[in-house]
Structures are given as C-alpha cells and as structure tokens.
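Q: Please read through the structure below; I'll follow up with questions.
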Amino acid sequence: MNILVLNGPNLNLLGTREPGIYGHTTLHDIEEACVAHGRSLGVGVTCAQSNVEGVLIDHLHAARDTMAGVVLNAGAYTHTSVALRDAITAIELPVIELHLSNTHAREAFRHVSLIAPVCIGVIQGFGARGYPLALTALHGHLNGDKA
Ligand code: CA2
C-alpha cells in the first residue's frame, strides 16, 4: 500500500519563516518523518510539494494509478481552488485534508475550505505532528478499521 503526502504553495518555506505560526520543523523533516512513520505502519510513503496549482492537480491525477490514498496540505489553495476540489473528486481516492495551523482560529477567509466536503476528514492545528496522525488515520480507513 502506498500513500502520497502532497504539500502545496509556500510550504517549502517551512522552518525558515513565521515559526510562531508554522513551527521550526522544515518540510524535509516532515517528509522524512512521514516516510519513517509509513514504514512503521507497513505503508510506502511518497512525498511531493509544488507551488503551482496545476502541478498539484497533476500529482493527484498520477496518484490515481499508484496510490491508495492522499494526505493533502493544499495551503492557501484550500480556500480558493475549485480545480483542486474537482481533482480530488475525480481521482476517487480517500484524501485527508491537513493543516499545520488551526485555520478556524485565524482570519475569516481561512475558515472556508472548498476541499473539505470531498475529503474523508480534516486534521489541523497540531503542527508537524498532524502528518503522522493523518497517515495513521488514512491507514486505518484503508484497512476498514472503524476504531
Ligand atoms: O496551516 C496550514 O497548514 C495552511 O495550509 C498553511 C497555508 C495557509 O494559507 C493555510 O490557510 C493554512 C500557508 C502556508 C505558508 O507556509 C509558510 C511557511 C513558512 C513561512 C511562510 C509561509
């Protein structure tokens, strides 16, 4: 079983700016932790990041043939992108929406997610720790684990 961990715009800057909101962990650290956590679950983890909406959509399309599910931090596209939402619907894979910050505790424009209704669930507000949480949740979902 393989899971894609996909990060969107500006998340390549993690650990270098705004540590008060996004923490000190770099994207590289997060990706390494995801691969290690996947190994402990017996799951292959592939990581990708792009600042380009269309490239994120291409990653989702490619995941359809190779991945069992996706953990997606779509960054600011969460709040704006009908195209990403349509891609999530089109690939017919379970997708978990993830955010480092609690978007509901921030500006009003971050309270709306266009992708949440087409994801199986949302994990947010736990910083970098959210990624292994999301992998565990997705792994459980894929194994039909009702907890
Ligand atoms: O909390 C999250 O994970 C977000 O997806 C992060 C996005 C934001 O637009 C969403 O509302 C919530 C922004 C990512 C920006 O990442 C940076 C990292 C370091 C320094 C500056 C920006």
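Q: Give me the pairs: first residue in the range 97-121 and more than 10 Å from the ligand (Cβ to nearest atom), second residue assigned to a loop (DSSP other than H, G, I, E, B) and among the β-branched types (Val, Ile, Thr), beta-carbon distance under 8 Å, and six or more apart or on different chains, which are they?
A: 114/80
Q: Something else: Could you say whether any residue in the range 68-85 is buried (at least 22 other Cβ atoms within 10 Å of the Cβ) and of a type in the set (S, T, N, Q)?
A: Scanning the range 68-85 turns up at least one residue that is buried (at least 22 other Cβ atoms within 10 Å of the Cβ) and of a type in the set (S, T, N, Q).
Residues are listed down the side, and each one gets a yes or a no for (1) farther than 20 Å from residue 84 by Cβ; (2) polar (S, T, N, Q); (3) within 11 Å of the ligand (Cβ to nearest atom):
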residue	(1), (2), (3)
19	yes, no, yes
29	yes, no, no
51	no, yes, yes
61	no, no, no
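Q: Ok, one more. Which one of 103, 80 is more than 13 Å from the chain's Cα centre (by Cα) and under 24 Å from residue 136 (Cα atoms)?
A: Working: 80 fails: under 24 Å from residue 136 (Cα atoms).
None of the others qualify; the one that does is 103.
Q: Residue under question is residue 97, and the condition is that it be in contact with a Phe, Trp or Tyr (Cβ under 9 Å, 6 or more places away or on another chain) and of a type in the set (D, E, K, R); does it hold?
A: On the way: in contact with a Phe, Trp or Tyr (Cβ under 9 Å, 6 or more places away or on another chain): no; of a type in the set (D, E, K, R): yes.
So residue 97 does not fit the description; no.
Q: Would you please name the residue that is surrounded by the most Cβ atoms within 10 Å (Cβ to Cβ), looking only at residues in the range 122-147 that are within 12 Å of the ligand (Cβ to nearest atom) and hydrophobic (A, V, I, L, M, F, W, C)?
A: 134
Values in this text are rule-based calculations from the coordinates and carry no lab data. Just so it is clear, the structure is predicted and the values come from calculations on it, not from any experiment. Quick reminder, even Gly has a Cβ in these numbers, built from the backbone with ideal geometry, and neighbours come from all protein chains shown.
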